[in-house]
Amino acid sequence: SFAGRHSAVVNAVNGSPPETGQAKRAMLDFGECWTTFGPCLSWGTFLAAAAVSCPQWVGLYLFRTGVDDLAKGCVEKMNHRNWVCQRLLFLKNFLPLTCLLRIFCAPAMWFYMWQINDDHRPPLCVATIFWVVNFLLSWGMFAQVILLPGISQVLSSHATMDYWPPECQVERPYHGLASTRCHALNGGFWAEFLWNLWIIVYYGDPSTGVRLAGISIPIVIFNAGMLFGGPVNFLARNPTKDRGVAQAYILVSIFAVEGLLLLNHAWFGIREAVNPVKNLSPLGPYGHWSVLAWNVILVAQAMVCRTAILGAQELKTGPPWSAGGADHKEFFYPRFWGQIYCCYGTFVSFNLWVVGNWMWASQGVAERGWLG
């Protein structure tokens, strides 16, 4: 019956083993897959899914600015009809829609993909199939561009310009302004994929602690990508000015990331904050010191980086396209600001993540009286 399937799925979503037989039939009955979608989606799982999408939204925001710059460069060369430019312009409007749709399908996808480990059966659910097809189609269409010679070069500005697709010829600085933003979106795809994979593996985590630590994935990916592509790349060119700006970025980010990872994984950190059995504060997760400390560390990182870049002498927007004697500024300067935008996105993502997991865990306590 529907009531039996509903009970089996809700119990599994909250972390307890599903009822054998009924849960398997609900999972394997493709004709009734829509009846199994609703119980997987709650306010807690929806906010968690929105949190997982935030790194992708940051990448999409940076990607859109890069596409606009490339289109401007192609218009200047009267070559805006080329395949690369047209594909990127299409993805600029297409990818935000697909990302939004994945948010609503992710909770059901987590549950049914997690069930593969127990039943060794295919996850026959429309939401799961749609998420997988959606993600592969989106990343695949984008990969056709990001893997092109020239654009695929991550850190080498000379290789990017030497091997740039001949059908999409532009003048400087459009090579760097476009390719750096494309790689930011590629980082968003990797973060979304690995974070969802982490949730699937630890979906049934009894204390939600290990599942919570999944937010470390986008933190490491974006900080590493922006630091090596921006400040480290800049210092490797032996600039005569604004070295202190890059050094400030590196130092504050190292300390911030270490602090955030400690709070993510330590037993006294955010896993205690989202445990409604141990944390009885009326403020929920915000009644625990670790959540406040997490936000303070991240805000401090963003403020130090922003203050440093605004005080730079030559690391500024627009020409000339060199800074402190380091040429090809368009390849490293966008990542200085990309680091700041990543901090903004991480702030939103973290708060959605802790609130979503708090509500997710609280639902389990309300259903069973214990967090298991």
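The values are calculated or read from the model by the stated rules, or taken from the named source; none is laboratory data. As the structure is a computational prediction, the values presented were derived from the model and not from experiment. Cβ placement follows ideal geometry from the backbone for every residue including glycine, while neighbour counts extend to all protein chains displayed. When the accessible area is computed, the model is the full protein with side chains, heavy atoms only, and any ligands, DNA or RNA have been set aside. Shrake-Rupley method; radii C 1.70, N 1.55, O 1.52, S 1.80 Å.
Could you check, for the range 226-233, whether at least one of its residues is β-branched (Val, Ile, Thr), open to solvent by less than 20 Å² (accessible area, probe 1.4 Å) and either modelled with pLDDT of 90 or more or within 24 Å of residue 269 (Cβ to Cβ) (or both)? Within the range 226-233, none of the residues are β-branched (Val, Ile, Thr), open to solvent by less than 20 Å² (accessible area, probe 1.4 Å) and either modelled with pLDDT of 90 or more or within 24 Å of residue 269 (Cβ to Cβ) (or both). Of the helices (runs of 4 or more DSSP H) that lie entirely inside the range 260-372, those containing 2 or more residues that are at pLDDT 90 or above span 289-310, 329-368. When you scan the range 300-312, do you find a residue that is more than 14 Å from residue 354 (Cα to Cα), out of contact with any His (no Cβ under 8 Å at 6 or more places or on another chain) and basic (Lys, Arg), even just one? Scanning the range 300-312 turns up at least one residue that is more than 14 Å from residue 354 (Cα to Cα), out of contact with any His (no Cβ under 8 Å at 6 or more places or on another chain) and basic (Lys, Arg).
All of (1) buried (at least 20 other Cβ atoms within 10 Å of the Cβ); (2) under 30 Å from residue 327 (Cβ atoms); (3) not aliphatic (A, V, I, L, M) hold for residue 243 with one exception: (1). Taking the numbered list (1) modelled with pLDDT of 95 or more; (2) under 19 Å from residue 190 (Cα atoms) in turn, residue 252 passes all entries but (2). When the residues of the range 305-324 are filtered to those that are under 14 Å from residue 339 (Cα atoms) and of a type in the set (A, V, I, L, M), which remaining residue is most open to solvent (accessible area, probe 1.4 Å)? Here the residue is 310.
What residue, among those in the range 127-176 that are of a type in the set (Val, Ile, Thr) and within 24 Å of the chain's Cα centre (by Cα), is surrounded by the fewest Cβ atoms within 10 Å (Cβ to Cβ)? Please lay out each step first, then the result.
At the first step, the residues of the range 127-176 found to be of a type in the set (Val, Ile, Thr) are 128-129, 132-133, 145-146, 151, 154, 160, 170.
In the following step, the residues that additionally are within 24 Å of the chain's Cα centre (by Cα) were identified as 128-129, 132-133, 145-146, 151, 154.
Values: 128: 26, 129: 17, 132: 15, 133: 11, 145: 20, 146: 17, 151: 22, 154: 17.
That would be 133.
Number of residues in the range 68-84 that are open to solvent by less than 80 Å² (accessible area, probe 1.4 Å), in contact (Cβ under 8 Å) with a residue 40 or more places away in the chain and not in a helix (DSSP H, G or I) equals 2. State whether one or more residues within the range 79-97 are at pLDDT 90 or above, of a type outside the set (D, E, K, R) and closer than 23 Å to residue 214 by Cα. Yes, the range 79-97 contains at least one residue that is at pLDDT 90 or above, of a type outside the set (D, E, K, R) and closer than 23 Å to residue 214 by Cα. Taken together, the criteria exclude residue 103 from residues that are more than 22 Å from the chain's Cα centre (by Cα) and part of a helix (DSSP H, G or I). Quick one: in the range 230-255, of everything that is part of a helix (DSSP H, G or I) and either within 18 Å of the chain's Cα centre (by Cα) or of a type in the set (Lys, Arg) (or both), which residue is nearest to residue 302 (Cα to Cα)? It comes out as 253. For the range 182-211, how many residues are of a type in the set (D, E, K, R) and at pLDDT 90 or above? Counting residues in the range 182-211 that are of a type in the set (D, E, K, R) and at pLDDT 90 or above gives 1. The residues listed here are 221, 217, 270; of these, the one that is of a type in the set (A, V, I, L, M), closer than 22 Å to residue 53 by Cα, in contact with a Pro (Cβ under 9 Å, 6 or more places away or on another chain) and open to solvent by less than 10 Å² (accessible area, probe 1.4 Å) is 270.
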